[in-house]
Amino acid sequence: MPEVIEKFYSLKELWKKLPKLPVDRKYLAGGTDLIVGYNLGISSNECYLDISDIRELNLVRENKKQVFIGAGVKLAELGKNSLIKRWVPALYDCVPHFASSSLRNMATLGGNLANASPSADGVCALAASRAWVLLNLYGKRESKPVLSVLKGPKKNALKKDQIIEGFIVPKKRHKAVFLKLISRAKFGIGKVGICVCADIEKKFVKDINVVLSSVAPTVFEAKKTSSILKYSYLTAKIVEKASETIRTEVSPISDIRSAQDYRREMCGVLLERALRYIA
Amino acid sequence: MKKYLLKCQVNGKNIEREIRPDKTLLEFIREDLGLTGTKEGCGEGECGACLVLLDGRAVNSCLMMAAQAHGKKIITIEGLRDEKNPLIDSFAKEAAVQCGFCIPGFIIKAEELLSENPEATDDEIKESLAGNLCRCTGYKNIIKAVGKVRKKCLK
């Protein structure tokens, strides 16, 4: 249980106070994963750092080439944001699939990535949108592709005290679709999630990115499948070949939510549906 | 253990308390303030029994540390009762309550929805309440009760 909890309103304040705080610390943003673990007695740290009200993490802004999404912006706000709707349609499409609306009032994209769940819906949409993550450690920034931060189920590659400041998404007009197979109509962790972002003209695929969740140790990009579809016309034969390929690319497990074979089969089915919607 | 000085507003009253840093917002509301209308169900964000309004947004108070509410305005079911919120009457009139354990969460969520969208359709009501569970299976009357208040809003 936390012995100390500190709240911060700016990154400057955070970096200034950090050296004086207990070393066994966790960053608290939305709390929808961290506090579940705390309530279940799974996660226990001496110190919680509340970064949910840090100004720099709560912005969505644009320049000519990119959209910046603060890591602490609540998902519910992203679902109403006109910049997100226009430039990051995969994320806009994904938000209503994300847990319940009360959890969307709390949860953040930064937390979704840091938690490194194989079923992370938001990460799936960001990766399909070719987003980069902006990391910050004592003011030193670096950016890298979103998926490079994932190392395995619940394991990320963040350095100690390196925080996720936000995400950078290139402004490029494209179509997007996010599909999720779940047991409960509106609320739950997916059996399979798929996000497809593509630039398609008259059924010719100029560019495409297919990303999946819940069917591998991390959210991952189906590169072989994307390469089959890129520079092709979406004919029945190509779609069939792509759906066969995607079944070989995934490595699902059987668990409480679904069986391995069913998940594998549904990856192909969902890809076909996604391509139909997007074409 | 370093105590945290929490300043917030609960149901219109300014509160200033030293709290243990390991308290969730739900524990603070129930144990420190004695407002036991907010319930603990699952402790995992699945059931919605612990919902409160935080700066007008419905949040699961079991998944927030109390310190996170510093500087915020909280409204619990008691706050809605004190202001004679029409949803409470409507739930009683439409027999939308059986054991009642989940109802504060439903009313808080419905209040958030109708504040934002007084003309919410039945589908929007269902969508909004998707994160709330009732194990007495009273959903139809619950949706009806929320719908009645919506219709009053429209008149």
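Please specify each residue of the range A:136-159 satisfying the condition of being small (Gly, Ala, Ser) and either under 21 Å from A:Val36 (Cα atoms) or touching a residue at least 24 places away in the same chain (Cβ under 8 Å) (or both). I'd like the intermediate steps shown before the answer.
Within the range A:136-159, the subset small (Gly, Ala, Ser) is A:139, A:143, A:148, A:152, A:157.
Across the range A:136-159, the qualifying residues are A:Gly139, A:Ser143, A:Gly152.
Does at least one position in the range A:108-118 carry a residue that is surrounded by fewer than 23 Cβ atoms within 10 Å (Cβ to Cβ) and without any contact (Cβ under 8 Å) to a residue 40 or more places away in the chain?
no
Find the residue count for the range A:231-269, including only residues that are in a helix (DSSP H, G or I) and not small (Gly, Ala, Ser).
The first filter runs over the range A:231-269 and keeps only residues in a helix (DSSP H, G or I), leaving A:236-249, A:260-269.
If we keep only those that are not small (Gly, Ala, Ser) too, we end up with A:237-241, A:244-249, A:260-267, A:269.
Residues flagged as in a helix (DSSP H, G or I) and not small (Gly, Ala, Ser) within the range A:231-269 amount to 20.
Is the range A:110-131 home to any residue that is in a strand (DSSP E or B) and closer than 25 Å to A:Lys17 by Cα? Talk me through it step by step, then tell me what you get.
At the first step, the residues of the range A:110-131 found to be in a strand (DSSP E or B) are none.
Checked against the condition, which is being in a strand (DSSP E or B) and closer than 25 Å to A:Lys17 by Cα, the range A:110-131 yields no hits at all.
For the range A:116-125, does any single residue satisfy the condition of being β-branched (Val, Ile, Thr) and within 14 Å of another protein chain (Cβ to nearest Cβ)? I'd like the intermediate steps shown before the answer.
We begin by selecting, within the range A:116-125, every residue β-branched (Val, Ile, Thr); these are A:123.
From the residues that got through so far, the ones that are within 14 Å of another protein chain (Cβ to nearest Cβ) too are none.
Scanning the range A:116-125 turns up no residue that is β-branched (Val, Ile, Thr) and within 14 Å of another protein chain (Cβ to nearest Cβ).
Hey, could you check the range A:1-29 for residues that are touching a helix residue (DSSP H, G or I) at 6+ places or on another chain (Cβ under 9 Å) and among the aromatic types (Phe, Trp, Tyr) and say which is surrounded by the fewest Cβ atoms within 10 Å (Cβ to Cβ)?
Ranking the candidates gives A:Tyr9 first.
Looking only at the range A:47-67, decide whether some residue is open to solvent by 10 Å² or more (accessible area, probe 1.4 Å), among the small types (Gly, Ala, Ser) and either at the interface with chain B (Cβ under 10 Å from one of its Cβ atoms) or in a helix (DSSP H, G or I) (or both). Break it down into steps so the answer makes sense when it comes.
Here is the first cut: in the range A:47-67, the ones open to solvent by 10 Å² or more (accessible area, probe 1.4 Å) are A:51-53, A:55-56, A:58-66.
Retained after the next criterion (residues that are among the small types (Gly, Ala, Ser)): A:52.
In the following step, the residues that additionally are either at the interface with chain B (Cβ under 10 Å from one of its Cβ atoms) or in a helix (DSSP H, G or I) (or both) were identified as A:52.
Yes, that holds for at least one residue.
Run down A:Thr218, A:Thr225 and say which single residue is assigned to a helix (DSSP H, G or I), touching a strand residue (DSSP E or B) at 6+ places or on another chain (Cβ under 6 Å) and either open to solvent by less than 10 Å² (accessible area, probe 1.4 Å) or of a type outside the set (Asp, Glu) (or both). Explain how you work it out, then say what you get.
Working: A:Thr218 fails: assigned to a helix (DSSP H, G or I).
The unique qualifying residue is A:Thr225.
Using the structure shown, decide if A:Leu34 is of a type outside the set (Lys, Arg) and closer than 19 Å to A:Val88 by Cβ.
The answer is no for A:Leu34.
Quick one: is A:Leu34 open to solvent by less than 10 Å² (accessible area, probe 1.4 Å) and either within 12 Å of another protein chain (Cβ to nearest Cβ) or among the hydrophobic types (A, V, I, L, M, F, W, C) (or both)? Write out each step before concluding.
Numbers: open to solvent by less than 10 Å² (accessible area, probe 1.4 Å): no; either within 12 Å of another protein chain (Cβ to nearest Cβ) or among the hydrophobic types (A, V, I, L, M, F, W, C) (or both): yes.
No; evaluated as a whole, the condition is false for this residue.
Of these, B:Lys73, B:Lys39, which one is closer than 22 Å to A:Ile51 by Cβ and of a type in the set (D, E, K, R)?
Criteria check complete, one pass: B:Lys73.
Within the range A:69-80, take every residue that is outside any helix (DSSP H, G or I) and open to solvent by 20 Å² or more (accessible area, probe 1.4 Å) and give me the one that is nearest to A:Ser183 (Cα to Cα). Even if it seems obvious, please write down each step before you answer.
Let us first name the residues in the range A:69-80 that are outside any helix (DSSP H, G or I), namely A:69-74, A:79-80.
Among the residues that remain, those that are also open to solvent by 20 Å² or more (accessible area, probe 1.4 Å) are: A:74, A:79-80.
Values: A:Lys74: 25, A:Gly79: 23, A:Lys80: 26 Å.
Out of the qualifying residues, it is A:Gly79.
Taking the stated definitions as given, is A:Val146 closer than 19 Å to A:Gly268 by Cβ, within 15 Å of the chain's Cα centre (by Cα) and of a type in the set (A, V, I, L, M)?
No.
How many of the residues making up the range A:81-95 are open to solvent by 60 Å² or more (accessible area, probe 1.4 Å) and touching a helix residue (DSSP H, G or I) at 6+ places or on another chain (Cβ under 9 Å)?
At the first step, the residues of the range A:81-95 found to be open to solvent by 60 Å² or more (accessible area, probe 1.4 Å) are A:82, A:85-86, A:92.
Those left that are additionally touching a helix residue (DSSP H, G or I) at 6+ places or on another chain (Cβ under 9 Å): A:85-86, A:92.
Qualifying residue count, the range A:81-95: 3.
Please state which one of A:Ile200, A:Ile189, A:Ile194 is open to solvent by 40 Å² or more (accessible area, probe 1.4 Å) and either closer than 21 Å to A:Lys155 by Cβ or of a type outside the set (Asp, Glu) (or both).
On the way: A:Ile200 fails: open to solvent by 40 Å² or more (accessible area, probe 1.4 Å); A:Ile194 fails: open to solvent by 40 Å² or more (accessible area, probe 1.4 Å).
Only one candidate passes the filter, namely A:Ile189.
Which one is nearest to the chain's Cα centre (by Cα), of the residues in the range B:19-33 that are away from every other protein chain (no Cβ under 11 Å) and open to solvent by 50 Å² or more (accessible area, probe 1.4 Å)? Can you show your working first?
We begin by selecting, within the range B:19-33, every residue away from every other protein chain (no Cβ under 11 Å); these are B:28-33.
Narrowing the set further to residues that are open to solvent by 50 Å² or more (accessible area, probe 1.4 Å) leaves B:30-31.
Working: B:Arg30: 13, B:Glu31: 17 Å.
Top of the filtered list is B:Arg30.
The values are calculated or read from the model by the stated rules, or taken from the named source; none is laboratory data. Bear in mind the structure is a predicted one, so any value in this text is a computation, not a measurement. No Cβ is skipped: glycine too gets one built from the backbone with ideal geometry, and neighbour counts run over all protein chains shown. The accessibility values were calculated without ligands, DNA or RNA, using every heavy atom of the protein model including side chains. Shrake-Rupley method; radii C 1.70, N 1.55, O 1.52, S 1.80 Å.
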